[in-house]
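Have a look at the structure below before the remarks.
The values are calculated or read from the model by the stated rules, or taken from the named source; none is laboratory data. Not measured: the values here are computed from a predicted model. Positions of Cβ are generated from backbone atoms using ideal geometry, with glycine treated the same way; all protein chains shown enter the neighbour counts. The accessibility values were calculated without ligands, DNA or RNA, using every heavy atom of the protein model including side chains. Shrake-Rupley method; radii C 1.70, N 1.55, O 1.52, S 1.80 Å.
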Amino acid sequence: MASNYWDSSQAKYWTFTRAELATSRNDLAKTNQALHAKHPLPDTRHLAIYLQNQLSKLAKRMSLRQQALATAQVYMKRFFLRVEIRKTNPYLIMATAVYLACKMEECPQHIRLMLGEAARQWPELGITESSKIGECEFALISTLSSRLILHHPYRALSDLQGTLGLTQEEITLAHSMLNDSYATDLPLLYPPHVIAITAIYLAVVLRPAQPAGLAAHSSSAASSPAMSGSAAQKGFSSFGFRQDPNKMGKLIDWLAESKVEMESVVDATQELISLYDCWETYSERACKEGITKFMKDGAK
């Protein structure tokens, strides 16, 4: 395992520019034009929210660690960058991603338990043999080129807590934003420390007056973002109430002295704000129905 992110397969093979991501997705769409025309799906960001929520519900059901869930989410993102979702059973891919992630994060689950919990969570799974998860695991590992070790932003958040003098409230809010970031392309675009700094920046500098339940989001509250789109919009437009001038100055000074690319932090900040805005028009039903249609067609 690469202890340094910069020496890892994540940095070398699974971190892209926005242009590279767009090219990969466009090429995949062109190769599968007929399927796209026959089975239109909701906005890709809405679909990402749906998949994240479904994974979170399964993780809650199985009392899994947050890091295992985050690893499964990244595996899903990587897989669907290479394979057209309309050619798959997304529920089987999700169950397999969680199964593999638990192995990699040293909290393994028995394959029969995984199948049973996934089948109860998703009646649409349509799988009764645990061997199907084993077969899918092989395909998943192959598609990911056996590059399975991940670096997450949670450690960077913990490391910076003392340096920046973050309160427990700010840490909780930033941690929730990190959870939400897996519904975006950020894990494919930026190093973990950039994502962690973005969450801290939003929690400290642009923090709105905290509405009820703002910091309650976690893997145990998977259906809601860390803040609702409306709350985010109000907070960001007002540039945050309840700012601590001293802490804000300390953060800005630290950023100025650090070697962190501020353009990356700004772009990542915009990505997260866009997520909360997008969440306002999200429809779980539309995503579920779209997936059900292409799964039924593929089963014929």
Quiz item: Which of the residues belonging to the range 142-158 are open to solvent by less than 10 Å² (accessible area, probe 1.4 Å) and touching a residue at least 60 places away in the same chain (Cβ under 8 Å)?
Solution: Leu144
Quiz item: Any idea how many residues of the range 126-141 are surrounded by 15 or more Cβ atoms within 10 Å (Cβ to Cβ) and of a type in the set (D, E, K, R)?
Solution: 2
Quiz item: Out of (1) touching a helix residue (DSSP H, G or I) at 6+ places or on another chain (Cβ under 8 Å); (2) without any contact (Cβ under 8 Å) to a residue 12 or more places away in the chain, the odd one out for Ala97 is which?
Solution: (2)
Practice problem: Pull up the range 210-221, narrow it to residues that are out of contact with any helix residue (DSSP H, G or I) (no Cβ under 6 Å at 6 or more places or on another chain) and assigned to a helix (DSSP H, G or I), then point me to the one that is modelled with the lowest pLDDT. | Solution: Ala216
Quiz item: Here are Arg242, Arg207: which of them is buried (at least 21 other Cβ atoms within 10 Å of the Cβ), farther than 23 Å from Leu64 by Cα and at pLDDT below 95?
Solution: Arg207
Quiz item: Taking the range 56-86, which residues are under 14 Å from the mean Cα position of the chain (by Cα) and of a type in the set (Val, Ile, Thr)?
Solution: Thr71, Val74
Quiz item: Just for the range 2-15: of the residues that are touching a Lys or Arg at 6+ places or on another chain (Cβ under 9 Å) and open to solvent by 40 Å² or more (accessible area, probe 1.4 Å), which one is modelled with the lowest pLDDT?
Solution: Trp6
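Out of all the residues in the range 138-154, which are assigned to a helix (DSSP H, G or I) and under 16 Å from the mean Cα position of the chain (by Cα)?
Keep residues of the range 138-154 that are assigned to a helix (DSSP H, G or I), which gives 138-143, 154.
Of everything in the range 138-154, just one residue is assigned to a helix (DSSP H, G or I) and under 16 Å from the mean Cα position of the chain (by Cα), namely Tyr154.
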Practice problem: Could you list, in sequence order, all residues of the range 267-300 that are open to solvent by 50 Å² or more (accessible area, probe 1.4 Å) and either closer than 19 Å to Ser176 by Cα or aromatic (Phe, Trp, Tyr) (or both)? | Solution: Gln270, Ile273, Asp277, Glu280
Self-check item: Neighbours by Cβ (under 6 Å, 6+ apart or cross-chain): first from the range 30-53, of a type in the set (Lys, Arg); second assigned to a helix (DSSP H, G or I)
Solution: Arg45/Cys278
Quiz prompt | Residue, most open to solvent (accessible area, probe 1.4 Å), within the range 159-201, restricted to residues that are of a type in the set (Gly, Ala, Ser) and over 19 Å from the mean Cα position of the chain (by Cα) | solution = Gly162
Exercise. Would you mind listing the helices (runs of 4 or more DSSP H) fully within the range 16-125 where at least 3 residues are loosely packed, with under 14 Cβ neighbours inside 10 Å?
Key: 18-31, 33-38, 111-121
